[in-house]
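Participant: Dropping a structure here in structure tokens format, bear with me for questions.
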Amino acid sequence: MNDTSALYLAILLPLLGAVLIAALRNHPNLREAATLVTSVVLFANVCWLVASVANGATPRAENILPMPVSGLFLSLELEPLGAMFAAIASGLWIINSLYSIGYMRANKEKHQTRFYICFAIAIAAAMGIALSGDLITLFVFYEVLTLATYPLVAHKQTAEAKAGARTYLLILLSTSVFLLLFAIAWTYDIAGTVAFAQGGILSGRIESWLAPVLLACFAFGIGKAALLPVHLWLPAAMVAPTPVSALLHAVAVVKAGVFTMLKVGVYIFGIDFLEQTGASQWLAWLAGASILYASVRALAQDNLKARLAYSTVSQLSYVTLAMALATPLGALAGALQIAMHAFGKITLFMCAGAIYVASHRTQVSGLNGLARAMPVTFTAFAVGALSIIGAPLLGGFWVKWEIIFAANALEQLVFIIVMIASSMLSLAYFAPVIGRGFFLPPAQASGDADASAPKEAPLLCVLPPSISAIICIILFFQVDALWRFLELIFESTP
Amino acid sequence: MNEQPRFLLSRLLQRIDSPLGVKRICYILLVACGLLVAIGLFIPHHDAYGMGAIVARIPGFYGIYGFVMSALLVIIAKALRRILMRSEDYYAPRTIDNEETQKERNSST
Amino acid sequence: MSIPPFLFYLAGALVLPLVPKGAMRSLFLSLVPVLALTQFVVLPFGEYASAELFGYTLILLRLDALAYAFSLIFSIAAFLAALFAWHIRDTTQQIATLIYSGVAIGAVQAGDLITLFCFWEATAFASVFLVWARRTDGAYFTGMRYLIFQMLSGLLLLAGIILHINATGSNLFVQFPDINFAAVLILLAFGIKCAFPLLHDWLQDAYPASTPTGTVVLSVFTTKLAVYALARGFPGLEALVYIGALMALFPIFYAVIENDLRRVLAFSLNNQLGFMVVGVGIGTPLALNGTVTHAFCHVLYKALLFMSMGAVLLRAGTTKGSELGGLYKSMPYTTVFCVIGAASISAFPLFSGFISKSLILSAADKQGYTLVWFALLFASAGVFHYCGIKIPYFAFFARDSGIRCREAPWNMLLAMGLTALLCVGIGVFPQPLYNILPYGVSYVPYTADHVVFQLQLLLFSALAFMVLMSKGIYPAGLRSVNLSSDIVYRKWLPRVLLWTWGSIEQFVVSITAPLRRESRQIFRNIGVVIGNEHGSGVMLLWVGVLLVFLLALTYLAR
């Protein structure tokens, strides 16, 4: 096996998995086994790629499939950022699959085959995004991801689910088609290429007053990054089953968004170019506003998943903010946030799902006393929440650390304040879950029968969040390795 | 209230608590204060600098200061009550201030 | 190779759930501090256990005289608190106590700022569980407020540390040479935990809200950790002298009119911290020694007082001055221990407060802080008044409330007895404590003038109490709360925010409502066109078909 075939495999494996799942639709146990085996094999494959990137190689496969416009081909190329994203997405797919099995069965969801197929396709699309060597390839997989996740969001097929899914689809499609595609075409027009390149491809080719405009087209075009006005799809998509929410918030979708944002910042504009022109200054402010606005909104949500959704909007803007600070340090901090947030948020969503499975409770105010019945779930939740807040001994801390460092190096005090305020707010919206769960007496005489004696959720709903919570802790101590890997972004030439 | 407390120690303490005990304490306190002022006039002041050395020469300064200041403290604090005092459930329900009273009320009804 | 003591606590917290509940577990809980103590008590001073993380060198165990004194008293207090809580069967509380004690000791032994920060935050998170452990709605909300304040302190510290590292390139925790922006941030962070004036409300808010045993633990660590950090980072910073004097003064007024006796103790905690902060601000060897000694003694007698009030809360069900009285009949031993604690905090000769407070007063006078000296003298008289007399008087004597309850359980009495013994022991034999002070200063507390003047101050102030009491001037215990600066964030800010949010919302709605109606109409029309009627799946199909069509078209056009 060589690097190039591993690249192809990374995209083909989940697709193959989807076919297998479809073939085994009448044998649920085998079907789930197929998902798990595929995810493990995929992860091994991605690890192999990561190792080769770490050794300084740049796996690439060019001119795969000709695009409608002459001279444009699909091309794959793996650099450290993409390698990290691929590793996270494929690694979390394993955990999420385990969880999906527990959740979907415990909830007796229908259409499980469709669910697993779409999930696999979504992972394939995420791999495509991670591995894409130019904007066009990225765009194609970006749209595939949107379409593949749509049936997942609408999974319950209730009117509410459909409405939410429609908002999801409309916002993501319209922003990408109207703005992102336009921005890509514009970039192609100016630079004659849309391939990602070290140091960017726009430097010296675009007038400095137009650079912010182009950046705006990208920033709002990448709807998955959930910047302020286009963030609405995220709360709307919360109607999906919890494993899907985890997929959206942690594994693939929003991560694909901010990953694209980082790619555009680092390899299209180039950090130096952004720094010289100050084209991203406004974006940093907007991201800062996004962080605070979404945090305040999260504070007002009583529905746990809605609270988590707004928290995601806020946390994603960390990445955009870090990138828009336009220093290598900032960009690396943004990349780090992709990893740290992924593990933190997936833990939170899986815990929220476990709580739902065990007690059918969805509101924060209804969690009183539940932790005594479900101590493992709530402990995992606390760990995930603390990681998002950025408390020490958890991975999320280093993100805060590096972003404040980057802001301080630029003497941009305002962003330090934003980070502090955001941490305070995230504490304020997460702590109630822990405090209520562990310490308040359970509500008495609530009419429904199954609320009276909730027990810990099934093993497959509890084990995965525990694993990801432990990873959050490990990431704090092993950040060195991850950081050194990410530093290759600014060392190698892709 | 003529019950005999269970503990020996309680019975000892009861002597202090009785009207006679209180009166005795008053007298002891007065005598002690007078004695202290008297002793204060004769002791050497070697551990005093600056202001400490100056006030040490004023007979009974520490006593007067202690008396006046603590009386002032109470009077000022009592006056502050008019401005600062609110009912126990002022911050309710997000406080523990009135929880005991609340519980009492609930159990009596 | 020596193991940092905090690891014992953390390991203990991990193992704890496996230890069977009951006496076994209680024994385990009190053994952990002892084990951890053996790790450093005879260790020569120096730096141990460093680690590399993310390009920084972390020093997990730095032992010097300052750290040693604080680690020692923290360990002793952790042991006593464990004994005091022997009868507790609440696993969450036990784990939180272990972690909290451990990270507090870790924080004073941290040699660098990053490690300090990690422990600093950890104390915040671990301690809030002790507030929440009361398990009432009120305690839950109080805990939230407490947590937010502690977190704010942590974040200010974080920002300050990053600025400091960026400017100096060093993450060692030593004295901050100049007061730049970074240092101000760090000072503010310390100030919140140390309950500086206007940053202090969390303390009086949260400490009375905890459980009978939890408050004892809370009273030991957080604020003394802050005092340690100030003594390490900002010795001799003159502003601290005045901040400290203010801290020593204003709480005494509140304490006189406060009804909840545990809150009275919280105010006196604040007042005692003021003495220590003044000592740090003066910064001479004598003053710093005074701060360390006072912190040492203070931990013990404050814990003793909180223990006695905890026992009262446990047995009588309340610590409100208005509800209590005459408890000596039911709880005579607790009464005596409380009186010993009260005598210690009032700095009676032969009690521990006497041999520590006078160091700070002497230092203030020696350096010519005359006004501050008078203020501290006033505060000393005051503390006797509202704490030394008021607490035992209102709880155990005064009018008989008719409460007849059981005496505190044996473990509480034992813990109080040991603590009281230490208070008296230190008061009578101060030399062993003086020997571990950071600076070699020969100080003799028991001189004739010292003893006489202190007794004058105290007894005349007792006389004033008696006079005021007999004249009926002394404010009686009333069911009430007293406003403080926390009204800003407990009443006004929420109101202002709600109002602002409401008006903004109204404004936005009034503008967007027509727009939204219009757009909904448009979407509906589009929906009809692409098949919304038949469900979203059809719509998706349409999108797919459109895309394929476009693709085909462009291929043809090529």
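Participant: Under a 5 Å amide H to amide H cut-off, with H placed in plane at 1.01 Å, what residues pair with A:ASN303 once short-range neighbours are removed?
Facilitator: Hits under the 5 Å cutoff: A:VAL364.
Participant: I need the phi-derived Karplus couplings for region A:315-331: 6.51 cos²θ - 1.76 cosθ + 1.60, θ = phi - 60°, integer Hz, Gly and Pro marked x.
Facilitator: Going residue by residue, I get 5, 5, 5, 4, 5, 4, 4, 4, 5, 5, 5, 6, 10, x, 4, x, 4 Hz, with x marking Gly and Pro.
Participant: Which shape class, rounded, prolate or oblate, goes with region C:1-160 when its Cα gyration tensor gives a ≥ b ≥ c as root eigenvalues, a/c under 1.5 marks rounded, and past that a/b bigger than b/c marks prolate?
Facilitator: In terms of gyration-tensor shape, oblate.
Participant: Which value, in Å to one decimal place, does the Kirkwood hydrodynamic radius take for region C:21-88 when every pair of different Cα atoms is included?
Facilitator: Roughly 13.6 Å, rounded to one decimal.
Participant: Near the amide H of A:ALA373, under 5 Å away, which other amide H atoms are found, from residues 5 or more places off or on another chain, if H is placed in the peptide plane?
Facilitator: none
Participant: Does region C:306-415 come out rounded, prolate or oblate, given a ≥ b ≥ c as the square roots of the eigenvalues of its C-alpha gyration tensor, rounded meaning a/c under 1.5 and, failing that, prolate meaning a/b above b/c?
Facilitator: Prolate.
Participant: By its C-alpha gyration tensor, with a ≥ b ≥ c as the square roots of the eigenvalues, how is region C:73-232 shaped: rounded for a/c under 1.5, else prolate for a/b larger than b/c, else oblate?
Facilitator: prolate
Participant: What base-10 log of the normalised intensity I(q)/I(0) is obtained for region C:423-480 from the Debye formula, alpha carbons as equal point scatterers, at q = 0.15, 0.16, 0.22 Å⁻¹?
Facilitator: Here the Debye-derived log intensity ratios amount to -0.69, -0.72, -0.92.
Participant: Then there's this: Can you work out the Karplus-derived ³J(HN,Hα) for every residue in region A:101-109? Use 6.51 cos²θ - 1.76 cosθ + 1.60 with θ = phi - 60°, whole Hz, and x for glycine or proline.
Facilitator: In residue order, the calculated couplings are 4, x, 5, 5, 6, 4, 8, 6, 6 Hz.
Participant: Determine the principal axes of the Cα atoms in region A:289-437, then give the extent along each, sorted from largest to smallest and rounded to whole angstroms.
Facilitator: 48, 25, 18
Participant: Expressed as a whole percent, how much of the Cα-Cα distance distribution for chain A exceeds 41 Å?
Facilitator: Above the 41 Å cut-off, chain A has 13 percent of its Cα pairs.
Participant: Using r as the Cβ-Cβ distance of A:SER208 and A:GLU109, and R0 as 60 Å, what FRET efficiency do you calculate, to the nearest 0.05?
Facilitator: After rounding to 0.05, the efficiency reads 0.70.
Participant: Then there is this: Lys pairs in chain A, Cα-Cα under 13 Å, at least 8 apart or on separate chains: how many?
Facilitator: 6
Participant: If we count other beta carbons within 10 Å of each Cβ, what is the order of A:TRP282, C:TRP499, fewest first?
Facilitator: The order, fewest Cβ neighbours first, is C:TRP499, A:TRP282.
Participant: Let me ask you something else. For region A:31-43, take each phi angle, set θ = phi - 60°, evaluate the Karplus expression 6.51 cos²θ - 1.76 cosθ + 1.60, and give the result in whole Hz per residue in order, putting x for glycine and proline.
Facilitator: 4, 5, 4, 4, 4, 5, 4, 4, 5, 5, 4, 4, 4
Participant: While we're on this one: Considering only A:ILE64, A:SER203, A:ILE489, whose Cα is most displaced toward the positive end of the charge dipole of chain A, charges sitting on Cβ of Lys, Arg (+1) and Asp, Glu (-1)?
Facilitator: Comparing the listed Cα positions along the dipole, A:ILE64 ranks first.
Participant: Quick one: net charge of A:LEU74's neighbours, Cβ under 14 Å, K/R +1, D/E -1?
Facilitator: Result for the neighbourhood of A:LEU74: -3.
Participant: Where in region B:1-99 are there GluC sites (Glu not before Pro) that are in a DSSP coil and have at most 13 other Cβ atoms within 10 angstrom of their Cβ?
Facilitator: Answer in residue order: B:GLU3.
Participant: Also: Taking every Cα atom in the protein assembly as shown, find the radius of gyration and the maximum pairwise distance Dmax, and write them in Å.
Facilitator: According to the Cα coordinates of the protein assembly as shown, Rg and Dmax are 33.4, 117 Å.
Participant: For labels at A:VAL414 and C:TYR439 in the simple 7 Å Cα→Cβ model, what's the distance in nm?
Facilitator: Here the answer is 4.6 nm between the modelled labels.
Participant: Further question on the same structure: Looking at chain A, identify the longest residue range that excludes and avoids all GluC sites (Glu not before Pro) in DSSP loops having at most 13 other Cβ atoms within 10 Å.
Facilitator: A:208-410
Participant: Over the Cα atoms of region B:2-76, Rg to Rh with Kirkwood Rh, two decimal places?
Facilitator: Here the Rg-to-Rh quotient is 1.19.
Participant: Let me check I have the definition right: for region A:35-190, take the eigenvalues of the Cα gyration tensor, multiply each by 5, take square roots. What are those semi-axes in whole Å, largest first?
Facilitator: They are 29, 24, 11 Å, listed from largest to smallest.
Participant: For a quick check: with amide H placed at 1.01 Å from N, whose amide H comes under 5 Å from A:PHE73's, ignoring anything fewer than 5 positions away on the same chain?
Facilitator: Sorted by chain and number, the residues that satisfy this are A:MET67.
Participant: About the Cα centre of the protein assembly as shown, how large is the charge dipole given +1 on each Lys and Arg Cβ and -1 on each Asp and Glu Cβ? Please answer in debye to the nearest 20.
Facilitator: 3420 debye
Participant: Hand me the tally of lysine pairs in chain C: alpha carbons under 18 angstrom apart, and the pair either on different chains or 8 or more positions apart.
Facilitator: Taking chain C as the scope, the lysine pair count is 11.
Participant: Under a Cβ-only charge scheme (Lys and Arg +1, Asp and Glu -1), can you give me the dipole magnitude of chain C about the Cα centre, in debye to the nearest 20?
Facilitator: So the magnitude is around 1380 debye.
Participant: If the viscosity is 1.002 mPa s and the temperature 20 °C, what translational diffusion coefficient in µm²/s does Stokes-Einstein give for chain C when Rh comes from Kirkwood over Cα pairs?
Facilitator: 84 µm²/s
Participant: Okay, moving on. Only loop residues by DSSP count here, and only those with at most 15 other Cβ atoms within 10 Å; note down the chymotrypsin sites (Phe, Trp or Tyr not before Pro) in region B:13-59 that meet that.
Facilitator: Answer in residue order: B:TYR49.
Participant: Something else now. Taking beta carbons within 10 Å but only from partner chains, what does the mean come to for residues C:155-165?
Facilitator: Mean partner-chain Cβ count within 10 Å for C:155-165: 5.
Participant: Hey, another quick one. Put +1 on the Cβ of every Lys and Arg and -1 on every Asp and Glu Cβ in region A:1-92; which of A:SER90, A:ASN55, A:LEU16 then has its Cα farthest towards the positive end of the dipole?
Facilitator: A:LEU16
Participant: Magnitude of the Cβ-charge dipole of region A:365-494, K/R +1 and D/E -1, about the Cα centre, nearest 20 debye?
Facilitator: Charge dipole of region A:365-494: 360 debye, to the nearest 20.
Participant: As a test of understanding, state the convex hull volume per residue of region C:179-271 from its alpha carbons, in Å³.
Facilitator: In region C:179-271, the Cα hull volume divided by residue count equals 82 Å³.
Participant: Now a separate question. Tell me, A:ASP3, A:ASP189, C:ASP205, C:ASP112 in order of fewest to most beta-carbon neighbours within 10 Å?
Facilitator: Neighbour counts put them in this order, fewest first: A:ASP189, A:ASP3, C:ASP112, C:ASP205.
Participant: Let me ask something else. Along the charge dipole of region A:264-386, which of A:GLN337, A:LEU325, A:ASN303 sits closest to the positive end, that is, farthest toward it, with unit charges on the beta carbon of Lys, Arg, Asp and Glu (+1, +1, -1, -1)?
Facilitator: A:ASN303
Values in this text are rule-based calculations from the coordinates and carry no lab data. As the structure is a computational prediction, the values presented were derived from the model and not from experiment. Note: ideal-geometry Cβ built from the backbone for every residue, glycine included; neighbour counts use all protein chains shown.
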